[in-house]
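Student: Structure in structure tokens, see below.
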Amino acid sequence: MGLCPLWSHWGGRTEWRAAIKAPSPHPLLSRPYAIHDGFEKLTRENWRGEVSAPYITMKLYAISDLHLGFEINRQALEAMPAYPEDWLILAGDTGETTAHLRYALSILTRRFAQLLWVPGNHDLWTLPSSASEDAALRGEEKYLRMVSICRDYGVLTPEDPYVLWPGEGAPAWLAPLFLLYDYSFRPGYVPEEEAVAWAAETHVVCSDEYLLHPDPYSSRSAWCLARCQYTEKRLQEVAPGAPLVLINHFPLRQNLVRLYRIPRFSLWCGTRRTEDWHTRFPTSVVIYGHLHIRATDYQDGVRFEEVSLGYPRHWFLWVTRAIGDRRKGWRAICGKFFPQTRGRFCRSKDLSGKERRRKQGDTP
């Protein structure tokens, strides 16, 4: 099983646009980072109960923040080849409307064996200018409509039972989560009721304040509390014997939020209620997005992967600066999720193109 970054190494703007129009026949999710050998060798026989060619492998991939409201992001999605043996995790912010979600699922369900989806904050927006069905959907009602659409396509959601990924190595429970945020990623001296004003002092206010409605809850914090309590109970009921892969749009820990240009945006990035979930529950990997800054971290021996694509301005610069060959396919949008053996650590690249490695015990 592997999760590969979905970024490619194209040398310039013209070459990138050509690649969208005429995608390379080479794998979109090109050569995976080193992974546990047992997951690498998963076969149809393992996960379908069928006798099939033992050399056929099935991998797990993940990506978030597709933001399909941007045309170039839609073009990139359309250029994706098919990987009929593999699974894909969509970790939130597919777009802003139900049409964006249907568009993504209509493409990806034909190209992957199974999808798992969690919502991001953009997915839950109610756009005032929308003339579609979305205009009447607010808060939890919008979320449940997205869940219904996913089920129409056979996509697993946070409202479905967790699935066990079998393998020649250790199996793992894939746990899609929906937790939101509660403004607790802030300094202790800032009261919650003054948190948004505190962020506004630096001209930072998330659009969620105007577009993400908490109905029927009294606030986004109250909705977050309800989701955390619901999810916590479900995680406690997971059968022992296999680790969890926690999948959430928002980072579970505050120290993973490294937004150096807009540090006070951390208010809209998670909740302290989940700070210890990676140790409280038997977890092997945590997958998240939202930050638009791909990274691999290790905290208390648990691997954390930020797997976002982001807005064009967030990923296009990285592509045009990278040195490589487009035949390698899209490289590095999703990170491989299962810890590898032999003492090696997974690597990722930041937006400047410099490689970094974060081992257990490193400070962010």
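The values are calculated or read from the model by the stated rules, or taken from the named source; none is laboratory data. It should be emphasised that the depicted structure is a prediction, and the values quoted were computed from it without experimental measurement. Cβ atoms come from the backbone with ideal geometry, glycine included; neighbour counts cover every protein chain shown.
Student: For Ala195, state whether it is outside any loop (DSSP other than H, G, I, E, B), within 19 Å of Leu252 (Cβ to Cβ) and of a type outside the set (Lys, Arg). Full working, then the answer.
Tutor: Details: outside any loop (DSSP other than H, G, I, E, B): yes; within 19 Å of Leu252 (Cβ to Cβ): no; of a type outside the set (Lys, Arg): yes.
Taking the combined requirement at face value, the residue does not satisfy it.
Student: Can you find a residue that is touching a strand residue (DSSP E or B) at 6+ places or on another chain (Cβ under 8 Å) and at pLDDT 95 or above anywhere in region 210-232?
Tutor: The initial filter retains those residues of region 210-232 that are touching a strand residue (DSSP E or B) at 6+ places or on another chain (Cβ under 8 Å), namely none.
There is no residue in region 210-232 that is touching a strand residue (DSSP E or B) at 6+ places or on another chain (Cβ under 8 Å) and at pLDDT 95 or above.
Student: May I pose another question? Any residue at all in region 63-77 that is out of contact with any strand residue (DSSP E or B) (no Cβ under 6 Å at 6 or more places or on another chain) and without any contact (Cβ under 8 Å) to a residue 12 or more places away in the chain?
Tutor: Within region 63-77, one or more residues are out of contact with any strand residue (DSSP E or B) (no Cβ under 6 Å at 6 or more places or on another chain) and without any contact (Cβ under 8 Å) to a residue 12 or more places away in the chain.
Student: Okay, moving on. Pull up region 252-291, narrow it to residues that are part of a loop (DSSP other than H, G, I, E, B) and aromatic (Phe, Trp, Tyr), then point me to the one that is surrounded by the most Cβ atoms within 10 Å (Cβ to Cβ). Even if it seems obvious, please write down each step before you answer.
Tutor: Here is the first cut: in region 252-291, the residues part of a loop (DSSP other than H, G, I, E, B) are 252-253, 257-262, 269-271, 275-276, 281-282, 289-291.
This time we only want the ones that are aromatic (Phe, Trp, Tyr), so: 260, 281.
Details: Tyr260: 6, Phe281: 16.
Top of the filtered list is Phe281.
Student: When you go through (1) touching a strand residue (DSSP E or B) at 6+ places or on another chain (Cβ under 7 Å); (2) among the small types (Gly, Ala, Ser); (3) modelled with pLDDT under 95 one by one for Gly301, which number turns out not to apply?
Tutor: (1)
Student: Got a sec? Which of Val245, Val155 is farther than 24 Å from Arg273 by Cβ, in contact (Cβ under 8 Å) with a residue 40 or more places away in the chain and in contact with a Ser or Thr (Cβ under 8 Å, 6 or more places away or on another chain)? Spell out the reasoning first.
Tutor: Numbers: Val245 fails: farther than 24 Å from Arg273 by Cβ.
Just one listed residue meets the conditions, Val155.
Student: With the condition kept exactly as written, say whether any residue in region 127-147 is of a type in the set (Gly, Ala, Ser), in contact (Cβ under 8 Å) with a residue 40 or more places away in the chain, out of contact with any Phe, Trp or Tyr (no Cβ under 8 Å at 6 or more places or on another chain) and at positive phi.
Tutor: No; the residues of region 127-147 include none that is of a type in the set (Gly, Ala, Ser), in contact (Cβ under 8 Å) with a residue 40 or more places away in the chain, out of contact with any Phe, Trp or Tyr (no Cβ under 8 Å at 6 or more places or on another chain) and at positive phi.
Quick grid of which residues meet (1) modelled with pLDDT under 95; (2) under 25 Å from Pro214 (Cα atoms); (3) not hydrophobic (A, V, I, L, M, F, W, C):
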site: Glu71; (1), (2), (3): yes, no, yes
site: Tyr83; (1), (2), (3): yes, no, yes
site: Asp86; (1), (2), (3): yes, no, yes
site: Leu137; (1), (2), (3): yes, yes, no
site: Arg145; (1), (2), (3): no, yes, yes
site: Ser148; (1), (2), (3): no, yes, yes
site: Glu159; (1), (2), (3): no, yes, yes
site: Leu164; (1), (2), (3): yes, no, no
